[in-house]
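Chemist: A single structure is presented below for examination.
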Amino acid sequence: MSTLRSDIWCGVFVRRHNDLGNMCVVSRRGDPIAGQVFIEVDHLDGTVSLYTPAPMVSRTDDSAALVFQQRFHRSSAADVRDRIAREVDFDPDLWVLSLDLRGDDVGIDVVK
C-alpha cells in the first residue's frame, strides 16, 4: 500500500487544525512527494514538543498512514530548534509543521 504524498498530508493537517481554531503553519517545505514530516507543537506555556516519524519496526500493522513518535515532550524551544536544525542538515527534504496547541492531543498516531 502506498502512502499519501507529503505535501497533501501536510496541507490537510494544517487545514484541519486551523479549522479547529489552532494556529498551524508550514514552517519548512520539503520534498512534495516523500519528504519526512516533523511536527513542532508550542504549548503556549513556554514549552515545546516535537513529533518525528516513527521507525518502521515500531509499527504494529502494514498501514500506509503516517505514524509518529514523540521525541521531545514539553521541552525548551531551543532544544527543539537545535534538533530540527540537525535533522535538516542531514535531510534537506524535511517538512516542519508548527502548531500552537494548549493541550497534548495533536490528532496523529503516536507509537509508545
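The values are calculated or read from the model by the stated rules, or taken from the named source; none is laboratory data. Computed from a predicted model, the values in this text were never measured in an experiment. Every residue, glycine as well, gets a Cβ built from its backbone with ideal geometry; the counts of neighbours run over all protein chains shown.
Chemist: Within the range 45-59, count every residue that is assigned to a loop (DSSP other than H, G, I, E, B), loosely packed, with under 13 Cβ neighbours inside 10 Å and among the hydrophobic types (A, V, I, L, M, F, W, C).
Modeler: 0
Chemist: Give all pairs with beta carbons closer than 8 Å in which a residue from the range 99-111 that is over 16 Å from residue 54 (Cβ atoms) meets a residue that is surrounded by 14 or more Cβ atoms within 10 Å (Cβ to Cβ) and of a type in the set (D, E, K, R); count only pairs at least 6 apart in sequence or on separate chains.
Modeler: Note: pairs meeting the criteria are 99/40; 99/42; 100/42; 101/42.
Chemist: Taking the criterion of being surrounded by 12 or more Cβ atoms within 10 Å (Cβ to Cβ) and more than 13 Å from the chain's Cα centre (by Cα), would at least one residue in the range 7-14 satisfy it?
Modeler: no
Chemist: Still on this structure, I have one more. Run residue 39 past the list (1) of a type in the set (A, V, I, L, M); (2) within 16 Å of the chain's Cα centre (by Cα); (3) part of a loop (DSSP other than H, G, I, E, B); (4) modelled with pLDDT of 95 or more and report the number of the one that doesn't hold.
Modeler: Residue 39 satisfies every listed condition except (3).
Chemist: Now for a different question. What number of residues within the range 46-93 are under 15 Å from the mean Cα position of the chain (by Cα), of a type in the set (Val, Ile, Thr) and either over 19 Å from residue 106 (Cα atoms) or at pLDDT 95 or above (or both)?
Modeler: Here the count works out to 5.
Chemist: Considering each of 65, 85, 34 in turn, give the residue that is loosely packed, with under 12 Cβ neighbours inside 10 Å and assigned to a loop (DSSP other than H, G, I, E, B).
Modeler: None of the other options fit; the residue is 34.
Chemist: Further question on the same structure: Filter the range 15-24 for residues that are among the hydrophobic types (A, V, I, L, M, F, W, C) and either assigned to a helix (DSSP H, G or I) or surrounded by 14 or more Cβ atoms within 10 Å (Cβ to Cβ) (or both) and give the result.
Modeler: Within the range 15-24, just 24 meets the criteria.
Chemist: Of all residues in the range 69-82 being in a strand (DSSP E or B) and among the basic types (Lys, Arg), which is surrounded by the fewest Cβ atoms within 10 Å (Cβ to Cβ)? Explain how you work it out, then say what you get.
Modeler: Just the residues of the range 69-82 that are in a strand (DSSP E or B), to begin with: 69-75.
If we keep only those that are among the basic types (Lys, Arg) as well, we get 71, 74.
Values: 71: 16, 74: 13.
So, considering only residues that are in a strand (DSSP E or B) and among the basic types (Lys, Arg), the one surrounded by the fewest Cβ atoms within 10 Å (Cβ to Cβ) is 74.
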